[in-house]
1. Given the criterion modelled with pLDDT under 95 and either of a type outside the set (Gly, Ala, Ser) or more than 20 Å from residue 480 (Cα to Cα) (or both), identify the matching residue among 599, 635, 592.
2. Only one of these conditions is not met by residue 57: (1) more than 27 Å from residue 180 (Cβ to Cβ); (2) outside any helix (DSSP H, G or I); (3) open to solvent by 60 Å² or more (accessible area, probe 1.4 Å); (4) not aliphatic (A, V, I, L, M). Which number is it?
3. Which residue is nearest to the chain's Cα centre (by Cα), if the candidates are limited to region 73-97 and must be buried (at least 18 other Cβ atoms within 10 Å of the Cβ) and of a type in the set (S, T, N, Q)?
4. Residues being open to solvent by 10 Å² or more (accessible area, probe 1.4 Å) and of a type in the set (Phe, Trp, Tyr): count how many of those fall in region 572-604.
5. Go through region 167-286 and tell me which strands (runs of 3 or more DSSP E), entirely inside it, have 1 or more residues that are under 25 Å from residue 362 (Cα atoms) and within 16 Å of ligand 1 (Cβ to nearest atom).
6. Take residue 119 and tell me if it is buried (at least 18 other Cβ atoms within 10 Å of the Cβ), assigned by TED's automatic domain parsing to the domain that holds residue 137 and free of Cβ contacts under 8 Å to residues at least 60 places away in the same chain.
7. Test residue 464 against the criterion of being open to solvent by 60 Å² or more (accessible area, probe 1.4 Å) and of a type in the set (Gly, Ala, Ser), and give yes or no.
8. Can you report the number of residues in region 148-160 which are within 12 Å of ligand 1 (Cβ to nearest atom) and either of a type in the set (Val, Ile, Thr) or surrounded by fewer than 24 Cβ atoms within 10 Å (Cβ to Cβ) (or both)?
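The values are calculated or read from the model by the stated rules, or taken from the named source; none is laboratory data. Here the structure is a predicted model, which is why all the values come from computation and not from measurement. Ideal geometry is used to build each Cβ from the backbone, glycine not excepted, and the neighbour counts take in all protein chains shown. In case anyone asks, the SASA skips ligands and DNA or RNA and just uses the protein heavy atoms, side chains included. Shrake-Rupley method; radii C 1.70, N 1.55, O 1.52, S 1.80 Å.
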Amino acid sequence: MTMTGTALIYDEEMTKYKLLWVDPACKIEVPERLTVSHEALVKNGLADRCVSIPVREATDADILLVHSEEYLEAVKKTPYMTLEDLKEFTLQYGDVYFHPNIYHCAKLAAGAALQLVDGVMTGKVRNGMALVRPPGHHSMRSAANGFCVFNNVAIAARYAKQKYGVQRVLIVDWDIHHGQGVQYCFEDDPSVLYFSWHRYEHQKFWPQLRESDYDSVGKEKGIGFNINVPWNKVGMENGDYLSVFCHILLPVAYEFRPDLVLVCAGFDSAIGDPEGEMCATPDVFAHLTHLLMNLAGGKLCAVLEGGYNLTSLAQSVCQTVQTLLGDPVPRPTNLNSPCISALESLQCVRSAHKAYWSCLKHAADLPTSISTKCIKLATEEEKTGKGEEEKGAEEKVWPEPPKRVTPPVRCALVLPDDVACPDGCERFSSSEDLDPLSASKLRESFFKDGNDSAALTTLSNLIALTEKMEKNEICSGLALVCDVTMAMTSVVQHVTAFPSKRILVVCVGEGNVPSHIAKDRETLVVQIGSVEAEEQSCKYYIPVCLKKGCSDSSGFMQAVFGFLLPLGYEYDPSLVVLVRMPDSGVCDSMWQHLIGLLQSFALGHTLVLMQEEDKPCVGLTASSLLGHPVSSLEQLQSPLTEDVEAIERLRHRLQADWKLLQTTAPETGRSDKH
Ligand code: Q6P
Ligand code: ZN
């Protein structure tokens, strides 16, 4: 079964209910939320590229997977109520409204999530998104809440477990509100890992629950399987979000090894939203989506939750769906260092979970300054600052994300004639000869004492390939060469001859990296291997040393999430060169995950260099460059203490230069936003 394609589930019927009376708390939840999102997908040609799957009504049995019979029976009566009855019925719940047609829509919303799960689990599609109203993550077993009637995603998780025997479900809730309904549903259940970040402001922000804080980690058997990241300030940015993904969610999610990923995809966490008041730009959702897309063998279902700025909402939905479709992700924009308040939250969450996840085992302890004092402090600030903040949110402007163009060729390979070109890729051989100057430079650098014409042809093909990648005519490349170090050196020399080009070189395994490459500011070299490099690493040559080298999956992933990804985001290269050193010891699936993750950078321009003896992995490398889903890693063991200590020492040394490496807040002071 080949899992390809992206489902889009939408039905206009879900726009056919609205608030019928005056309620300031509910007036933002409007039918246009769905119409603008869908129209944007159509306008950008994305809807057409998706597999359209019809909605269905969730059955009573589906709904009862999460809700009580009494509650279901009560909601069933709402279509027959008078306006007065509806108002009164609504009053028993918080921040929600009923309408004669909302029960019908709520059944379609939950049913849409189930149709999506069916599509993904049967392999009809790889992934997908359901555009639904009413949303779901606040609704509880016996209560509507926060615009939500039935808990669409919670129902979908139980349904997937029951119908498909799915063992582990990851729920990522990137909506800016805490999905307390989802938390309550699964807090004692270790088979469902719930992750939520949310505006919290030390419990001053709706729904103002004590249990939304970082120390609610789950109960009984489910302890450790509930992860809350409270945002205690507004104005969080892309760097804050991506830091949490790199330093909390991704390492834990890879350790958890879900069989299915569900996303509570609310976009009130984006800039311009009147509820969230955050500053992350819509393109960040391309990255959040992309980073999750190789978990669970690619099985990802995104279900709409909040999002109340119609412009920001529509842009964010498009970024998400376009990423699900497999288009290269945009260069990350506005990537600043995480703010102190975000670092405090990061540190608190990592510390609260260190007992439950081996990837966090060595995380720092709670910051000493965190206490109830902060709550008092927030109250005072609220009195003085509130009016201004609200005004600020309304005036936010941001540029429309640029169109994402996919190069005509997704993956091109420079291969010896006797090696077959994998399906879906193009064999690359330059039609034009290398310009004479470059050719003589190459000859001079590498072939002084001989004339290896085959090797020279390979290198000039490689350079021509790099040029096509720069012109965005080709997305990614792979070359099988007789000497990876020589190939790496010539590519770096060639590319960095142009101003404003930056290369991220990732070396997997042992091998000498010529020092003149590493010292170049236009090149950042990260080497993951077992060789104990000289202690003084410069800012642009970063050796991450593992006792057992790249064959140790947990140490390797620790290096990838804790180091490579944050460095890559901060460096923002225009090209990634991934070098597989001979005898690297890296296992196939880790190698493939690495390739998938590196495509977060440089518009997906990744050039992989491998030596001829690694010919057997050409196929799986190409498959990952094409964006095909990768199978899960085998179970990760605890990383070696000495490796973790070495990594932490390196982090300490480098975090002054590379701010996204930070996982702890500075010792002193209050948490001021930027
Ligand atoms: C927010 C209720 C409104 C106060 C108005 C899945 C989506 C949501 C719902 C938020 C309800 N307070 N100033 O629900 O999380 O976005
Ligand atoms: Zn929300």
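1. Of 599, 635, 592, the one residue that is modelled with pLDDT under 95 and either of a type outside the set (Gly, Ala, Ser) or more than 20 Å from residue 480 (Cα to Cα) (or both) is 635.
2. (1)
3. Looking at the filtered set, the residue picked out is 90.
4. 0
5. 169-173, 192-199, 226-231
6. In short, no.
7. no
8. Residues in region 148-160 being within 12 Å of ligand 1 (Cβ to nearest atom) and either of a type in the set (Val, Ile, Thr) or surrounded by fewer than 24 Cβ atoms within 10 Å (Cβ to Cβ) (or both): 2 in total.
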